[in-house]
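The values are calculated or read from the model by the stated rules, or taken from the named source; none is laboratory data. Worth saying up front: this structure is predicted, and the values here are computed from it rather than measured. Glycine gets a Cβ as well: all are built from the backbone with ideal geometry, and neighbour counts include every protein chain shown. The accessibility values were calculated without ligands, DNA or RNA, using every heavy atom of the protein model including side chains. Shrake-Rupley method; radii C 1.70, N 1.55, O 1.52, S 1.80 Å.
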Amino acid sequence: MMDMWFDIIEGSKTLLELDDARIKIIGKNGELSKEFANLGKLPNAEKKAFATKLNSQKAEITTALNNKKILLEDEKLKQDLLDDSIDVTLFSKYKQAGSLHPIMETMDYIIEYFASLNFDVKYGPLAEDDFHNFEALNLSKHHPARDMQDTFYFKDSHLLRTHTSPVQIRTMLKESFPIKMISPGAVFRRDLDLTHTPMFHQVEALVVDKKDVVSFANLKDILTDFLKYTFGDIDVRFRSSFFPFTEPSAEVDISCIFCEAKGCRVCSHTGWLEVLGSGVVDDSVFKAVGYTDCSGYAFGLGVERFAMLLYKIPDLRLMYEGDLRLLRQFR
Ligand SMILES: [Zn+2]
């Protein structure tokens, strides 16, 4: 009997099998435990010797079980270490590199273009006050042009800037002319449809110098160069318009890059795409910042609009959905 039990213990290949063997032999209903039940049937004289024999057998079995357990545990530990080992010579999983968002890419392009023409790049706060965002830009309290810009107001009469023009005001209040600057950044308006989002990006430019040094002709020149450099062989036209902070003002169109000016859905069959607002700085703006005997021009553009044209993205909302399938194309 003992030999058979030792064989079972020795033959156990796993800790689970060994535990089965333990239950089978010395468990509560195990075979050795059953032997103890026979003790009562023996004559008193034989009881002591029988009990001693069973106890020593149980001790031998227990020792064998413990030794085997230590061995199996050791083997298991070795196997676990092997299973968990890392082969450092293997190639790692390919991690895809990120990329700049097409809007940031476009913004960087515009900034670099004008920085190379010695325009200073100026930034200002996103939360503005009424003076810098409206008042100083010839948009007095009840000016009808304020309706053009649905504004996000804070309780304390501060607001989210509706354009980057307040940066021009801040710069002129701090520095004297000549000034040659662009102000890129996010702006906010209460608008949401195919071509408008509540947050979008602008780059606005301002050039101020002594009276009659800077003229509309300079403005026309610099913008025509910029647009032809950016969009290639296109026509540029200046269309008379109105902005409170410039006089005269002009909207700038390029011949449609989608249909080569033949007329399509994107250009509403006009052959022209509006891309910029511009003009000669209104005297009232200079008055608000205390400038005299100077002249200047300003222009501004929507970065999203440029990105849509440059990358031929049909819907503005696609820009903000964060769809990686779209964004990966710009890597
Ligand atoms: Zn067209």
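Only one of the numbered conditions (1) assigned to a loop (DSSP other than H, G, I, E, B); (2) under 22 Å from residue 304 (Cα atoms) is violated by residue 204, and that is (1). Every test in (1) in contact with a strand residue (DSSP E or B) (Cβ under 7 Å, 6 or more places away or on another chain); (2) open to solvent by less than 40 Å² (accessible area, probe 1.4 Å); (3) farther than 22 Å from residue 214 by Cα is passed by residue 259 save one, and that test is (1). Residue 238 satisfies every condition listed in (1) surrounded by 17 or more Cβ atoms within 10 Å (Cβ to Cβ); (2) in a loop (DSSP other than H, G, I, E, B) except (2). Only residues that are in contact with a Ser or Thr (Cβ under 9 Å, 6 or more places away or on another chain) and aliphatic (A, V, I, L, M): list them for the stretch 257-274, please. Passing the criteria: 261, 273. Beta carbons closer than 7 Å, at least 6 apart along the sequence or on distinct chains, pair a first residue in the stretch 268-282 that is in contact (Cβ under 8 Å) with a residue 40 or more places away in the chain with a second that is within 16 Å of the ligand (Cβ to nearest atom) and open to solvent by 30 Å² or more (accessible area, probe 1.4 Å) for 275/305.
Hey, which of the helices (runs of 4 or more DSSP H) in the stretch 1-94, taking only ones fully inside, have at least 1 residues that are open to solvent by 80 Å² or more (accessible area, probe 1.4 Å) and not basic (Lys, Arg)?
Details: elements: 2-11, 15-26, 31-37, 44-84.
Counting at least 1 such residues, we get 2-11, 15-26, 44-84.
Of the candidates 231, 238, the single residue that is hydrophobic (A, V, I, L, M, F, W, C) and away from the ligand (no atom under 16 Å from the Cβ) is 238. The residues on offer are 296, 322, and the sole one that is touching a residue at least 24 places away in the same chain (Cβ under 8 Å) and assigned by TED's automatic domain parsing to the domain that holds residue 108 is 296.
Mind telling me which of the residues 303, 285, 214 ends up being closer than 22 Å to residue 107 by Cα, buried (at least 19 other Cβ atoms within 10 Å of the Cβ) and not small (Gly, Ala, Ser)? Please lay out each step first, then the result.
Details: 285 fails: closer than 22 Å to residue 107 by Cα; 214 fails: closer than 22 Å to residue 107 by Cα.
Just one listed residue meets the conditions, 303.
So that you can scan it fast, the table gives a plain yes or no per residue for (1) without any contact (Cβ under 8 Å) to a residue 12 or more places away in the chain; (2) within 27 Å of residue 318 (Cα to Cα):
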position: 99; (1), (2): no, yes
position: 106; (1), (2): no, yes
position: 110; (1), (2): no, yes
position: 118; (1), (2): no, no
position: 121; (1), (2): no, no
position: 129; (1), (2): no, no
position: 155; (1), (2): yes, no
